[in-house]
Amino acid sequence: LETFSKDTGDPMMQTFLKLFTTHILTSDKLNSVQFIVFFLVNQSKAYIKQFLNINLEIFKSVNQASIIRQSAINHYGGFLCRSLEVGPKTLRKRLNQLVKWIHDYIGRDSSAECDYMAVNLTSHGPFYSACQAAFYVVAFRHADLVENDDVTYLRSLDMNTIITHPLNPLRVINKNVLREFARIMTFYQVAYCNNIILRNKRITLPVIGLSSAGPSTAQGKALMLDDYFPYDKYLLPKTLSLIKPLYREFQPLVNHVSDTDASSGSDSEDSIDDADKQSDCSSFTAQQKQQQHQSRRRTPSSSSRRSRTLSVTDVISQVLDTI
């Protein structure tokens, strides 16, 4: 691989692309095999174009199984985000193709049949995966989509129409992608997701762990999309030197706190910057222990709370007996 030549390696490349469509796309949550294709595709602009076209065509094909279409768009979006060989021009062109498909999908006259409170991944799984891929690309590479604070291109994507549609894509996408996407949209004042996010939180708790490919036994509750991002992250240290020159690291939007962040308080589960927070934990350890000690002195004991609960229960029982 270190001495890859396009002339001698093209037959091998075409073989790997065939294996990609027949084996990798149909395999669930691979860790490292897909990076062989990632490395080979990045050796040539022509390979990049071919690889993206393959994934987009598979995704658009209604004859393919839903889970295969979703896998293809995951690779499509992941490659656009992670490959250093994908420049701003190619990025915008490919993102336009994806967003156009989303707008065509929601442009069908079926909004009256949609209910934002009930998400049907069985019928609309490819749509939700396409939205997640588009939001992922915008959140990951927003710096390449904005030139000198000019947000004309971002506005041209008309994200507000997508996020406010009754299909309610913000309800099922990965929470980290959702949080970062909301930050980007608010920062550039292109769209505002916070009201929709808060509304979705009030509807019902999502059923975690159900695959988007399988049937749902909990009707009316939101299912979470399979949060599989095929190119996050490379875990083999011995061959990292081959992937690292081609691999784009995530650069989060700094010095910005959205309304959603403020309303979430100290909930560490919703934060995408847990690693940064952990580095600051040691400096607050002593202060936290002191505050916990003081709170124990001020807070009533568990026995007193329990006795209060029992007394209320007794009162309720007495009232019911008199009815």
Of the criteria (1) of a type in the set (Lys, Arg); (2) touching a residue at least 12 places away in the same chain (Cβ under 8 Å); (3) surrounded by fewer than 19 Cβ atoms within 10 Å (Cβ to Cβ), which one residue 82 fails: (3)
Residue 189, sole failed condition from (1) assigned to a loop (DSSP other than H, G, I, E, B); (2) open to solvent by 70 Å² or more (accessible area, probe 1.4 Å); (3) modelled with pLDDT under 90: (3)
Looking only at the range 229-253, and only at residues there that are under 14 Å from residue 33 (Cβ atoms) and assigned to a loop (DSSP other than H, G, I, E, B), the one that is most open to solvent (accessible area, probe 1.4 Å): 235
Only listed residue being at pLDDT below 95, surrounded by fewer than 13 Cβ atoms within 10 Å (Cβ to Cβ) and in a loop (DSSP other than H, G, I, E, B), chosen from 15, 8, 26: 26
Count of residues meeting criterion [in contact with a Cys (Cβ under 8 Å, 6 or more places away or on another chain) and of a type in the set (Val, Ile, Thr)] in the range 157-193: 4
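Residue by residue, here is whether (1) open to solvent by 40 Å² or more (accessible area, probe 1.4 Å); (2) more than 25 Å from residue 231 (Cα to Cα); (3) at pLDDT 95 or above holds:
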| position | (1), (2), (3) |
| --- | --- |
| 98 | no, no, yes |
| 111 | yes, yes, no |
| 115 | yes, yes, no |
| 118 | yes, yes, no |
| 121 | no, no, no |
| 124 | yes, no, no |
| 133 | no, no, yes |
| 142 | no, no, yes |
| 147 | yes, yes, no |
Pair list, Cβ under 9 Å, 6 or more apart: the range 168-183 residue of a type in the set (Phe, Trp, Tyr), other residue open to solvent by 20 Å² or more (accessible area, probe 1.4 Å): 181/136
Meets criteria (open to solvent by 10 Å² or more (accessible area, probe 1.4 Å), in contact with a helix residue (DSSP H, G or I) (Cβ under 9 Å, 6 or more places away or on another chain), part of a helix (DSSP H, G or I) and not hydrophobic (A, V, I, L, M, F, W, C)) for residue 105: yes
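Each row is one residue, and each column tells you yes or no for (1) more than 17 Å from the chain's Cα centre (by Cα); (2) at pLDDT below 95; (3) within 14 Å of residue 139 (Cβ to Cβ).
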position: 159; (1), (2), (3): no, no, yes
position: 164; (1), (2), (3): yes, yes, no
position: 167; (1), (2), (3): no, yes, no
position: 171; (1), (2), (3): no, yes, no
position: 174; (1), (2), (3): no, yes, yes
position: 196; (1), (2), (3): no, yes, no
position: 202; (1), (2), (3): yes, yes, no
position: 206; (1), (2), (3): no, yes, no
Odd one out for residue 281 among (1) at pLDDT below 70; (2) open to solvent by 60 Å² or more (accessible area, probe 1.4 Å); (3) under 18 Å from the mean Cα position of the chain (by Cα); (4) among the hydrophobic types (A, V, I, L, M, F, W, C): (3)
Any hit, the range 51-62, residues being at negative phi, surrounded by fewer than 14 Cβ atoms within 10 Å (Cβ to Cβ) and within 20 Å of the chain's Cα centre (by Cα): no
Scan of the range 30-50 for residues that are assigned to a helix (DSSP H, G or I) and either at positive phi or hydrophobic (A, V, I, L, M, F, W, C) (or both), ordered by number: 35, 36, 37, 38, 39, 40, 41, 46, 48
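The values are calculated or read from the model by the stated rules, or taken from the named source; none is laboratory data. As the structure is a prediction and not an experimental result, all values here were calculated from the model. Neighbour counts run over all protein chains shown; Cβ positions are idealised from the backbone, glycine included. Heavy atoms of the whole protein, side chains included, go into the accessibility calculation; ligands, DNA and RNA do not. Shrake-Rupley method; radii C 1.70, N 1.55, O 1.52, S 1.80 Å.
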